[in-house]
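Worksheet for the structure shown next.
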Amino acid sequence: MTEYHPQDIEQKWQRRWQETRAFEVTEDPTRPKFYCLEMFAYPSGHAHVGHVRNYMIGDIIARTRRMRGYNVLHPFGWDAFGLPAENAAIKNKVHPEQWTLENIAHMKGQLQRLGISYAWEREIATCLPNYYRWNQWLFTRMFQRRLAYRRRSNVNWCESCQTVLANEQVVDGGCWRCGTPVTIRDLEQWFFRITAYADELLDALGSLTAWPEKVVMMQRNWIGRSEGARVRFPVVAAAGPGESADTVEVFTTRIDTIFGASFVLLAPEHPIVDRFAAASDAPDAFRARVARFRAQDRTARLTGEIEKEGFDTGRQVINPFTGQPVPVWVANFVLGDYGTGAVMAVPAHDQRDFEFARKYGLPVTVVIQPLDRMLAAEALEVAFEDEGVLVSSATFSGLPAHEARARMTADAAARGIGEGTVQYRLKDWGVSRQRYWGTPIPIIQCESCGLVAVPDEDLPVELPNITEFSGRGDSPLAYVPEFVNVPCPTCGRPARRETDTMDTFVDSSWYYYRFCDPTNDQLPFDPAKVSYWGPVDFYSGGVEHAILHLIYSRFFSRVFRDLGLVSIDEPFSRLLTQGMVLRHGAVMSKSKGNVVDPDEMIAKYGADALRLYVMFVAPPEKEVEWSDSGLEGAFRFLSRVWRIVDHLIPAIADAPQPTGMTLEPDERALRRKTHDTIDRVTRDIDPRMHLNTAVSTLMTMVNELYAFCEGQGLRPAGRDDEPAAVINRRETAAVLREAVEALVLLLSPFTPHLSEELWERLGHHDGLSAAGWLQADPIVARAEEIEIPVQVNGKLRGRITVPVDAAEADILAAAQAAVVSHVAGMDVVKTVVANRRLVNIVVRPAKGTL
RNA sequence: GCGAAAGUGGCGGAACUGGCAGACGCGCCGGACUUAGGAUCCGGUGGCCGAAAGGCCUUGGGGGUUCGACUCCCCCCUUUCGCACCA
C-alpha cells in the first residue's frame, strides 16, 4: 500500500489544471451559468488563513456547481491601488507599482498552492491602465450626466494618511484605515451623486432576499430615509437693510408639534449665522462663540459625550403657524450638513430640545396629549415623544398626530411656507484623493472653457512614473509639470490637469463586470457578456464591506444600467459574509504576530487538509478560533480516506454497478448510506451552505465504510507491506465501488487534489470535471426498518423497530407493548404518533388508585 | 441610549417544518496490534445516584403555550455586532 503524501499529489494536479486551463470558461447559452465570486484582494503582501478562508468557501461552491453541469465563472483579481503601496514606497524607497506587482505574484502563488479553481486568464489588477482607463471613461460619462461634480466643501481629512475620506470611511470619528481622528478641511472636491439613487437603493433592499439581514439593515440605516417637511420661519427684521427677506428654513419629521416650537436652533455652520454675527452688537464675540462650536465639530462630537451648549443670537423668527416670534439660538449639536442645518425646537416633545430648554430657561409648551393621562408643561420630567392628540394647536387641535402631520404639511404648502420632503442621511460620495497611487481623474481645467472631460481618444490618462511621494497632503501629481500642463481639449489653450486621484473604492465598484470581459479595449465590457454572466450568483466577503463597497457597487451597477450597458439592477444575488479567523482570541494581523501562513500548513499537512479543516470547524458565517489540533484531525481523516480507498482499489476498480443485484442486508445498508450521504451532502453544500455539516456527513460515511470492511475482513491494518484487499463476492465489490466513488466525488470540492488522484487510481482518466455530480436514488436511500422512540408523558421509555411502511395502528400497538411497565396501573389519556417518527403515550394514575 | 443577532458537554460545533439533545471532530480514558508508539484500528466519554439494570437532572435564568420546546410567546441576565445627537 502507499501512504498519503499530499505534497506530491497536490503539485501534480495543480500543474495539470494549469496546463489544461481547467477552469477557463466562455459564454455557452446551452448551459445554465453560475457566477461565483469572492471579493478580490488587496495585495498587501502575504495572505493568511483568515484571508484565504473566503476563497476556500467560494471554491467549494464553484467546484460543486461545475460538477453539477453549470457553466461556472470563478475569477480572481487585485484591488491594487491604494495607500499601503504608497506608504511602503515612502518608507522603503520602492516604487508602488513594483511593491504591488511583487505582492500580487506572491499571493497568486499562495492561492494556486491552495488549489482554488480560478479562471486565471481573466485575472485583473486595477492599477493597470487597461483597467483604470475604464474608471476614467465612466467618470467622464458621469461628469456629462452631472453624476460627477466638483464643489468646495468641508471634507473629512485624515492627518496620518494625508488625504480626504468619504463619509463611509469615517468610523467612530476616525479614519477607517488607521483610526486617526478625522479633522475637517475645506477643499475643492469631486463627488459622485449617489444621493440621486438614494430612494432606489433603499427600496431595492427589499429584493435582496438572499443577503444577510444584518447587511440589509446596515444599508437601510446608512441611507437613513426620513419623511418630514421643510418649513420657513421669517426673520424678524433687525435694523440692517435688506434683511427682511431672510427666512430660516427648518426640517422636521414632526410638523404636528409646530405649535409647541418655542425657539429655533441653528447649526454653527448655517450660512445665516455669519450675517447675524455681522449685524450683532458685538460681532467679534459672536464669531468667537461660533468658531468654538465649529472647532468641536466631528472629532469631539463623534468620539465622546459632548455637552449640549448654545447661545442666543438675539434675533427672532416668526413661527408661521402661531404667528408668534420665537428666539433663534446657535447650538453645537445641530448638524450643518443634515436637513437644512436648522431645527425648530419643541421641548415638550423632543428630549434634546427639552434638556436644552431646561438648561437655558426657554419656554415649554405641550401640544400633544397622550390618550391615557394629562401632561402639564410645568410638571414635565421628560419629553413626550410618542403619538397622541393635538392640543393648543388652533384648528388642528383634536387631530391625532399622524393625521395632523398630513394636514399641516398640506396647509404649509398651500400657504407657500413649506412643503413635504424626504431627507436622507446618505450623502454624496467624495472621491478625490490627494495621493499618487490611484486612478488620475480625467478632467482638465481651462480658464476659458472651465472643467473639460478628457476625450475618449486620449484615455487612459496614465499615471506618470514618479520617484518622490511627498506624503505632505497635497497631490504628488501636482509636482509633475508635464502631467499638469496640457492644452485644453476644447480650445487648445494652455490648461491644467486635475491632479487628484480617485478613491480606490471606485475601482472595486464595478470589477465584477470587468471579469465578464477583462480584455475589452473598446468598452468597460461587452454588454452581451455581462448579460450572460450577470448578476453574480454567489458573492462572498467580509462584513466590513456592508456599507462601503456593497453600497457603492449597488450604485455603480445602476449607473451602468442607466448608461445602457447593463439591464439588471442588483449586481449580487446572493451574499455570504464569512467569519474571521482568530488566533489567541484576536483577529490575525502581522502587527499582533498571530498570523497563520497557509504555506506553512500546506507544507506540513497539505492544502486539502487545510481546506477541509477550515470548512469543517464552523459554518462559513461564523468567526472561528484557529486550532492546530483541528487541522491535524483533518489530516488524519484524509489519511484514513486514502488508506481505505488505496486498500480497496485493486479489488473494486472493475466492479459493476450494484443496481439490480440481490444484496445481503449489510450490503444494502452500505448502499443506503451511500445514497443518503449523496443526498445530504448535496443539500448541505448548496443551497444550505452548511459546509461544516457536509464534511461531518462524509466523516460518518467513512466510519461506516470502515465498519463494513471490518465485518468483511477487508479492513486495512495500516502496514507498509500489506497486500491489497481481495473480494470474491461480486456484489460486495459493487457496493464498495459505488461507496468509494461517491466518497471521492463528494469530497472533491473540499479536497480536489486527493479526489483527483484517487479518481484516477480508480480507473478514470478524464478527470473529475468529466465525472459530474451524483444523484441520490431515493429508493435505495430509503430505510427498510425504522426505529421509533416511545415516550410516556414526554419521557423516553423505550424504542421499537418497525417496517418502514408499518400502519400507524401497528406502530402504536408495538409502542404500547414496549412500555408496558410504565403504563401498568395507569389510564391512557391520549396517544400521539407523530409523523411516524415518535410515539408519545400520555397517562395518569388510574381512578380509584389514590 | 436605540436596533439586531446569539447563549447547547472540557473545546469547536450538530439537531432541516415543534418530535430520540449533544451528530461529526478536537481533547481525554481504555483496549488491540507492537521492541516501541506521539502511527494505526476498535471502544468509552454531559452531570448526579447506582455494582448493574435502571433512575433523576440537563440547551444562560424565570414564567407560559403544547401530548411534546434548543426550537414558539413574555420577562430578566450575559456576550457580540451595528447605529449613536440625523431634528
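The values are calculated or read from the model by the stated rules, or taken from the named source; none is laboratory data. Please read these numbers as outputs of a predicted model, since none were measured by experiment. Virtual Cβ from ideal backbone geometry, glycine too; neighbours counted across all protein chains shown. What goes into the accessible areas is simple: the full protein's heavy atoms, side chains included, and nothing from ligands, DNA or RNA. Shrake-Rupley method; radii C 1.70, N 1.55, O 1.52, S 1.80 Å.
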Selection count where residues are within 14 Å of residue A:41 (Cα to Cα) and either open to solvent by 10 Å² or more (accessible area, probe 1.4 Å) or among the charged types (D, E, K, R) (or both), scope the range A:500-541 | 3
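Which of the residues that make up the range A:651-663 are β-branched (Val, Ile, Thr) and either crowded, with 18+ Cβ neighbours inside 10 Å or not in a loop (DSSP other than H, G, I, E, B) (or both)? So that I can check it myself, show each step before the final result.
Taking the range A:651-663 first, the residues β-branched (Val, Ile, Thr) are A:652, A:659, A:662.
A:652 - this is the single residue of the range A:651-663 that is β-branched (Val, Ile, Thr) and either crowded, with 18+ Cβ neighbours inside 10 Å or not in a loop (DSSP other than H, G, I, E, B) (or both).
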Which one of these does residue A:410 not meet: (1) open to solvent by 50 Å² or more (accessible area, probe 1.4 Å); (2) at pLDDT 95 or above; (3) within 16 Å of RNA strand B (Cβ to nearest atom)?
-> (3)
Within the bounds of the range A:481-488, is there any residue that is modelled with pLDDT of 95 or more and part of a loop (DSSP other than H, G, I, E, B)?
-> yes
Within the range A:608-621, is even one residue surrounded by fewer than 20 Cβ atoms within 10 Å (Cβ to Cβ) and closer than 26 Å to residue A:509 by Cα?
-> yes
If you scan the range A:620-634, which residues turn out to be more than 15 Å from residue A:697 (Cα to Cα) and within 8 Å of RNA strand B (Cβ to nearest atom)?
-> A:622, A:623, A:624, A:625, A:627, A:629, A:630, A:632, A:633
Selection from the range A:700-724 of residues within 10 Å of RNA strand B (Cβ to nearest atom), open to solvent by 70 Å² or more (accessible area, probe 1.4 Å) and not in a helix (DSSP H, G or I) yields A:715, A:719
Test: residue A:666 is within 16 Å of RNA strand B (Cβ to nearest atom), at pLDDT below 95, assigned to a helix (DSSP H, G or I) and over 19 Å from residue A:642 (Cβ atoms) | yes
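Matching residues to (1) among the hydroxyl-bearing types (Ser, Thr, Tyr); (2) buried (at least 22 other Cβ atoms within 10 Å of the Cβ); (3) more than 26 Å from the chain's Cα centre (by Cα); (4) under 30 Å from residue A:169 (Cα atoms):
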| position | (1), (2), (3), (4) |
| --- | --- |
| A:37 | no, yes, no, yes |
| A:68 | no, no, yes, no |
| A:74 | no, yes, no, yes |
| A:101 | no, no, yes, yes |
If a residue has to be over 38 Å from the mean Cα position of the chain (by Cα), closer than 14 Å to residue A:353 by Cα and either β-branched (Val, Ile, Thr) or near RNA strand B (Cβ under 9 Å from one of its atoms) (or both) to count, how many in the range A:245-262 make the cut?
-> 2
Where residues in the range A:121-163 are of a type in the set (Ser, Thr, Tyr) and within 30 Å of residue A:107 (Cα to Cα), which of them is most open to solvent (accessible area, probe 1.4 Å)?
-> A:160
Any pair with Cβ under 7 angstrom, 6 or more apart, that starts in the range A:629-643 at a residue that is closer than 13 Å to residue A:615 by Cβ and open to solvent by less than 20 Å² (accessible area, probe 1.4 Å) and ends at one that is of a type in the set (Phe, Trp, Tyr) and modelled with pLDDT under 95 = A:638/A:4
Go through the range A:725-753 and give me each residue that's part of a loop (DSSP other than H, G, I, E, B) and either out of contact with any His (no Cβ under 6 Å at 6 or more places or on another chain) or without any contact (Cβ under 8 Å) to a residue 12 or more places away in the chain (or both).
-> A:726, A:727, A:728, A:729, A:748, A:749, A:750, A:751
Checklist (1) open to solvent by 10 Å² or more (accessible area, probe 1.4 Å); (2) more than 10 Å from RNA strand B (Cβ to nearest atom) applied to residue A:169, failing item | (1)
Please verify whether the range A:275-294 includes one or more residues that are within 43 Å of the chain's Cα centre (by Cα) and within 30 Å of residue A:406 (Cβ to Cβ).
-> no
Counting only residues that are at pLDDT 95 or above and more than 21 Å from residue A:747 (Cβ to Cβ), the range A:625-660 contains a total of 1
Exclusive hit being more than 26 Å from residue A:666 (Cβ to Cβ) and within 15 Å of RNA strand B (Cβ to nearest atom), set A:841, A:811 | A:841
